[in-house]
Each structure stands twice: as structure tokens, then as C-alpha cells.
Amino acid sequence: MKILVINAGSSSLKYQLFDMDRSEVLAKGLCERIGLDGCFTHKAKGEELVLEETMNNHSEAIKLVMKYLTDEKWGVISDISEISAVGHRAVHGAEKFVEATLMDEEKLAIMDSLAEFAPLHNPPSVVGIRACMEVMGEDVPQVGVYDTAFHYGMPKTAAIYPIPYEYYEKYGIRRYGFHGTSHGFVAGECAKLLGKAPEELNIVTCHLGNGSSIAAVKGGKCVDTSMGFTPLAGLMMGTRCGDIDPAVATFIMNKEGLTPDQMSDIMNKKSGALGVSGVSSDFRDLAAEAEKGNERCKLALDMFCYQVSKYIGAYAAAMGGVDAIVFTAGIGENNGVIREKIIKNVEFLGTKLDAEKNAQRGFAQVVSEEGSRVQVCVIPTNEELAIAQQTLKVISK
Ligand code: ADP
């Protein structure tokens, strides 16, 4: 069975075609600069094709994808009908989409109504789904897979903010959490790696990339997570501030005469590691500069590690203990120095890294010392595969 995964942005569209019987990627690519001059990249059979090709809208982009998926030279299927379903990455399902969902016009209208929850991400997903419906016809199921869904079941004690309750009722303001597809995927892979059932494990999953979040996964279900109503909350990130005293925002706005949008811009794009270091949002740059003696780069790195370890401790308390800590995403998968600093801070939980294993990368493995009470795992995330798996589950129902 073949499943296509689509990740649509405002002017881009990424795709991967999976053969689910072998969990294998048959082809993948990227439509960029949709509505502008257009660039199309397609990888299949170990080769890559790059074309300058104008795509006026997402429907034209999907048509181009279909053309090359079925192309004599570049294609991997002989007809579109071989695609059993399409899974779409969607960011914010709010309280409306609490699991992967088969889409239709009625559901798309609900998604339209959620645009303000994720103005940069939700509208392009809707456009991508509509484009697939138009190009592929009604018989091919289109499934929305939401980043918030994995976190939906967390208890109200973790989800509700201590502000007047009417704002939750009127506007749906609560903790939703993000990166859910990744947290759910690596938690599942961690259980497999440890040879245990997900129900038996308390896992802290650390998705550390440009955007970073942590989740407490108890018995396979999320019970708390660091991101909140928006992906600005929780850990400090590349350019996002994460949790700060909320009064800091109003204080700066008053002092500098800033509008809400200007303040939001500062907290989303000019804060975090970039804000503290004044140098870069990329952790490789920070490490290089810290090595040369830049104190603010060192401070930014130390603050990040400190915050991650604080969350690990907090989530151990939230779950009544922890069996495994998982690192994933750009920093989590590749930066052994950061992992070492974080784990050093939480050694009291009963874990120690195996230095040799911690220096390796590129595959899923346990990197803690044998006999550690808490296992530390590095697990490459694969959100596309997770979306394909969830899509398959929806259409198999
Ligand atoms: P995004 O959240 O945009 O998907 P990533 O998961 O790619 O971001 O994470 C980006 C971060 O990961 C950067 O800070 C970068 O330094 C780090 N990173 C990515 N690849 C590597 C690598 N090969 N070695 C060390 N650090 C890496």
C-alpha cells in the first residue's frame, strides 16, 4: 500500500511517497516559490531532478508532483490510483481535531475557523488538502494529522492556565502543545528499542531543534508538555524566548512604546539563544563562539541545558518517576555535548551516559551506561513516516 505525505507551507509543498509494506520512501521532493518563479525538486531511484517551473498555486504544484510520480523516467508508480491515501501535516487542531482525521468539506470549514490559532501554518494545510482533493478526486482519502493531537488528552491540571476561566471558554485559551507527531513517534520507538510495551513506561521526550519542546509520556499518553497555547512557550529556543514572566512583555511594551505585534516579533524572532548570545540562533555557531571565549554564547548554551534538565526533573515529578529520556530533532540527535551537559544535571535520577555511544549518531540507540536506572535514548524523529502510519490507521478503520 502506498501513502503520500504532504507538508504544505504558504509558498512551498514538501512530499514523500511511502511504500507502507516496507516502510520505505519511494520518492520525495519539494515545490518551492509557489506563486512566484517556482522551483521543483524530485528525488527517486537514487537520482535528483531540479526544475525551474512556475506553479501558480498549490493545485498546480500537486499536479506537477503527480506528473513526476507517474513519469516514465522519474516515476515510481504507473497511476495515481496506486496512492491509497494522502496524509497532511497540520499544526493546530485545537479542541476540534483531537486525532488524525479523514477530511471533507465540513471538516475543512472547521479548519478554516481555526486559522487564528496558527495563522502561518493552518491556512496552508487547508490549501494543500483542497488542492489534493481537486487534483486526485474524491475517492482518495485525505487525512489531517495534527501536531497538537498527541497532547490533547493531558489532564486539565496541566492544560488550563490560571487566568479567568472565561477566556478558556470564550477563546479556547489553554495549553495545547506542539511537535506531537514527533513526541508520539519517538516515544513509540523508545518502547520498541527497550523491548517494553508503551503502557509500562514513563518517558520524557526532548524534541530539541530550532523549535524545542519536551513532553511527559506516561503509559504511551502525553500528560504534560512544555509548549502551550502557541509554540512560544516552554524552553528557550533558537529565536523564541519560551517561558518568561508575562509582566516582562507589558513592561517592555510600555517602556519602548511597542505594539502587541512588535512585542510578539521580539519574543518569537529576536529572543532565545539569538537574543542572549547576540550572535546566532544555531547551536553549532554558539558552540564555536563559546569555544573561542564568547561568554554570552556560553551563557546561552548553559541556560538551554539548565532549562531542559529542569523540565526533566519536573516531568519525573509529574509522572511519579521516569524510566527513559529520549533526545530527538536537530540538536537532540546531533549534539552530544548538549546531551552530556543535560544528563550531568539529572544524574541524581539514576542515569549516566556511555561516552562512546553518546559520540555516535545517525541511528536509534540507548546511550546511557548499562545498568542505568533511567535509560537515555537518541532516536531520530521521522514525522513524515509517523504521518503516513497515522493515515494508514485512519483509512484501515
Ligand atoms: P527545526 O526545528 O527547524 O526542524 P532542526 O531540528 O533542524 O530545526 O534543528 C536545528 C538545530 O539543530 C540547530 O541549532 C543546529 O545547530 C542543530 N543541528 C542540526 N544538524 C546538526 C548537526 N549535524 N550537528 C550539530 N548540530 C546540528
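The values are calculated or read from the model by the stated rules, or taken from the named source; none is laboratory data. Owing to the predicted nature of the structure, the values given are computational and were not obtained by experimental measurement. Note that each Cβ is placed from the backbone with ideal geometry, even for glycine, and that neighbours are counted across all protein chains shown. We work out accessible area using only protein heavy atoms, side chains counted, and drop any ligands, DNA or RNA first. Shrake-Rupley method; radii C 1.70, N 1.55, O 1.52, S 1.80 Å.
For this structure, a couple of remarks:
- Rounded Å value of the spacing that divides the Cα centres of the range 71-87 and the range 282-358: 42
- Loop-located GluC sites (Glu not before Pro) in the range 123-186 (DSSP state other than H, G, I, E, B) with a sparse environment of at most 10 neighbouring Cβ atoms within 10 Å: E138.
- Given +1 at the Cβ of Lys and Arg, -1 at the Cβ of Asp and Glu and no other charges, the dipole of the chain around its Cα centre is 940 debye to the nearest 20.
- C-alpha long axis of helix 295-319 to longest principal axis of the chain, angle in °: 80
- Candidate lysines for bridging to K218, where Cα separation is under 30 Å - those fewer than 8 sequence places away on the same chain excluded: K96, K156, K192, K196, K310, K341, K344, K352, K357, K393, K397
- Between helix 260-269 and the chain: long-axis angle, C-alpha atoms, 0 to 90°, nearest 10: 80
- Net charge dipole size for the range 87-240 [Lys, Arg +1 and Asp, Glu -1 on Cβ; Debye, nearest 20]: 680
- Computed from Cα positions, the angle between helix 246-256 and the longest principal axis of the chain comes to roughly 80 degrees.
- Other-chain or far-sequence residues with amide H under 5 Å of A27's (modelled H): L17
- Extending 7 Å from Cα along the Cβ direction at S12 and again at I252 yields two label points whose distance is 2.6 nm.
- Each Lys or Arg adds one and each Asp or Glu takes one away; over the other residues whose Cβ falls under 12 Å from the Cβ of V374, this sums to -1.
- Karplus-derived HN-Hα couplings along the range 126-137 (A = 6.51, B = -1.76, C = 1.60, θ = phi - 60°), whole Hz, x at Gly and Pro: 4, 4, x, 5, 4, 4, 5, 4, 5, 7, 9, x
- Radius 15 Å from Cβ of D354, net charge of other residues (Lys, Arg +1; Asp, Glu -1): +1
- Coil-residue chymotrypsin sites (Phe, Trp or Tyr not before Pro) of the range 312-397, DSSP, other Cβ within 10 Å capped at 16: F363
- Length gained on full extension, S264 to T157, computed as 0.36 nm times the residue gap minus the Cα-Cα distance: 35.8 nm.
- Taking a straight line from the alpha carbon of K63, these lysines sit under 23 Å away, with near neighbours fewer than eight places off in the same chain left out: K2, K14, K28, K43, K45, K73.
- Per-atom-type breakdown for the chain gives carbon and sulfur 51% of the accessible area (1.4 Å probe, protein chains only).
- Computed magnitude of the charge dipole of the range 2-146 (debye, nearest 20; Cβ of K, R +1, Cβ of D, E -1): 360
- Per-residue packing, averaged as other Cβ atoms within 10 Å, sorts the ranges 233-239, 156-162 into the order 233-239, 156-162, beginning with the highest.
- The chain, accessible area per residue, ligands and nucleic acids excluded (1.4 Å, Å²): 47
- Taking each DSSP H run with n ≥ 4 as -39500 (n - 2.57) and averaging over every residue of the chain yields -11500 deg cm²/dmol at 222 nm.
- Descending by average beta-carbon neighbour count within 10 Å, the peptides 243-255, 220-232 line up as 220-232, 243-255, the highest first.
- 3J(HN,Hα) along the range 222-228: 6, 10, 6, 8, 7, 6, x Hz, from the Karplus curve 6.51 cos²θ - 1.76 cosθ + 1.60 with θ = phi - 60°, whole Hz, x for Gly and Pro.
- D243/S396 FRET efficiency (R0 51 Å; Cβ-Cβ; nearest 0.05): 0.80
- Low-density loop cleavage sites - chymotrypsin sites (Phe, Trp or Tyr not before Pro) in the range 71-178, where at most 13 other Cβ are within 10 Å (DSSP): Y165
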